[in-house]
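Here is the structure we will look at.
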Amino acid sequence: MVGGALCAAGLALFAMGAWAGVTNSWPVRYPRQLIEGRPKLISIVPEARQTAVDRAGRLLDYPGKVETQCPEQAPGTAVILIAGQSNAANSGAARHMTRYPDRVLNFVAGRCFVAASPLLGSNGSAGELWTLLADKLIDSGAFDRVILAPVAVGATKVAQWAEGGDMNATMKPLTAALVSRYRVTHVLWHQGESDLMLGTDADSYRKYFLSFAASLRTQGIEAPIYISRATRCGPGWKVPNPVRTAQQQLLDSNSGLRTGIDTDLLLNAQDRYDDCHFAESGQTKTAQAFAELLMPSHTATQLKTDEQR
C-alpha cells in the first residue's frame, strides 16, 4: 500500500510538472524568467531620466534631475520668471548646482526640481547664472525660498516673443502652469543680441516687446519686468545702437517696466568665452548684479522712482 501511494504521488507530481511546463505557470515560470532574461517582478534599478523638450526645444526633463514636492508660496518666496535668448538660457560656460536644495527650486510644467544647470524650461544643456542668483538671494536673507521658472530660448528675436509669435505661443503653457500654482514676483528679460544682428529698428523692438509684456499681463502676471540692456554678440558691436535705444526708451516710458542689468557694459571681453556668451566670470558678475537689484531695499527705492514718473 505504501509503495502504491508513493507511486501515485510521483505520477501526480510528474503530471503537475508537465502541466506547468506547457502552461508556463508556477513553479516553472520564475526560474525560466531567470534563464531567459525576462523582466523580474521587482526592479531594484530606477529608470534613468531621459531628455524631453517642448516644440521650441525647451527642456522639460533631463538626466540627473532631482524632482521634489512643490512647496506652498510664503511671504518670503521669490518666484522668478526668466525670458529671452541664449544668455538667459543654458549657454553659460559653467554649470552650477544650488547650495540650498530644499530652498532653491526649478519649476517647469507643474513640477519642481532641485535647481541645477541646465535649468528646465530653457533650451541648451550648458550652464546658467540663475542658480547662482538664487543662492545669493538666499545668502543675503532677502528671501527664504527662490523658485526659478525660465522659458528662454537661444537665438530668438523679440518678434517671436510678441503675441502671435512662436516663442510666445510655446511659452504660454509653461506660464499658465506657473500662475496656476504661484504668484510671480519678478520677470527678468535678457534679450536683444539677435535683433541687433538682424537690424531691428527701435520702434519695432518697442512694439514687439510691449506686445510680449501685454501677453504676460493677460495671463495674470503682474510682477515688474526687469529689462536688461543686452545687445553685445560678436565682432563689430558698438554703442549706441537701435536696440539699446529701444530698451532705454521702454524704461523711460512705462512704469511697469524696471531697469535690469546692463550686461553690454558690465562685462568685459574676458567675461565672454566667444565675444557673446557668458564665461564663468560673466555669469558670476551678472548674478551678483541681479541679486543686488532684486533685494527688497533696492526694490523699495525703485518703487519710489516709478511713482515719481
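The values are calculated or read from the model by the stated rules, or taken from the named source; none is laboratory data. Quick caveat: nothing in here was measured; it's all calculated off a predicted structure. Positions of Cβ are generated from backbone atoms using ideal geometry, with glycine treated the same way; all protein chains shown enter the neighbour counts. The accessibility values were calculated without ligands, DNA or RNA, using every heavy atom of the protein model including side chains. Shrake-Rupley method; radii C 1.70, N 1.55, O 1.52, S 1.80 Å.
Stretching the chain fully between GLU163 and ASP139 yields a gain of 4.9 nm (0.36 nm per residue, less the alpha carbon separation). Each residue, LEU265 and VAL239, gets one label point 7 Å from its Cα in the Cβ direction; the gap between the two is 0.4 nm. Shape class of segment 101-141 from the Cα gyration tensor (axes a ≥ b ≥ c, square roots of the eigenvalues): oblate, since a/c reaches 1.5 or more and a/b does not exceed b/c.
Counting 0.36 nm for each residue step from MET97 to GLN248 and taking away their Cα separation leaves a gain of 51.0 nm. Amide H contacts of LEU188: LEU81, ILE82, ALA83, TYR226, each under 5 Å away and 5 or more positions distant or on a separate chain (H built 1.01 Å from N in the peptide plane; Pro and chain starts excluded). Here the Karplus curve 6.51 cos²θ - 1.76 cosθ + 1.60, taken at θ = phi - 60°, turns the phi angles of segment 276-286 into couplings of 9, 8, 6, 6, 4, 5, x, 4, 5, 4, 5 Hz, with x standing for Gly and Pro.
Rounded to the nearest 0.05, the FRET efficiency derived from the C-beta distance between THR218 and GLU292 at R0 = 30 Å is 0.45. The Cα atoms of segment 105-223 give a gyration tensor whose axes a ≥ b ≥ c have a/c of 1.5 or more with a/b greater than b/c, which makes the shape prolate. Accessible surface calculations at 1.4 Å, restricted to protein heavy atoms, place segment 93-248 at 36 Å² per residue. Label-to-label distance for SER255 and LYS172 is 3.0 nm, based on points extended 7 Å past Cα in the beta-carbon direction. Expressed as a whole percent, the accessible area of segment 158-211 that falls on carbon and sulfur atoms is 54 (1.4 Å probe). Annotation: amide H-H contacts under 5 Å for ARG95 (H modelled 1.01 Å from N, sequence separation of 5 or more, or interchain): none. Centroid-to-centroid, using Cα positions, segment 65-101 and segment 140-164 are 10 Å apart. Under 5 Å between amide hydrogens, built in the peptide plane, is the criterion, and for ALA155 it picks out SER86 among residues at least 5 positions away or on other chains.
Measuring r between the beta carbons of ARG55 and ARG183 and using R0 = 30 Å, the FRET efficiency lands at 0.65. Normalising the average separation of contacting C-alpha pairs (under 8 angstrom, six or more residues apart) by the number of residues puts the relative contact order of segment 92-239 at 21 percent. Taking a point 7 Å from the Cα of ALA155 along the Cα-to-Cβ direction, the residues of segment 79-100 with backbone N closer than 12 Å to it are 86.
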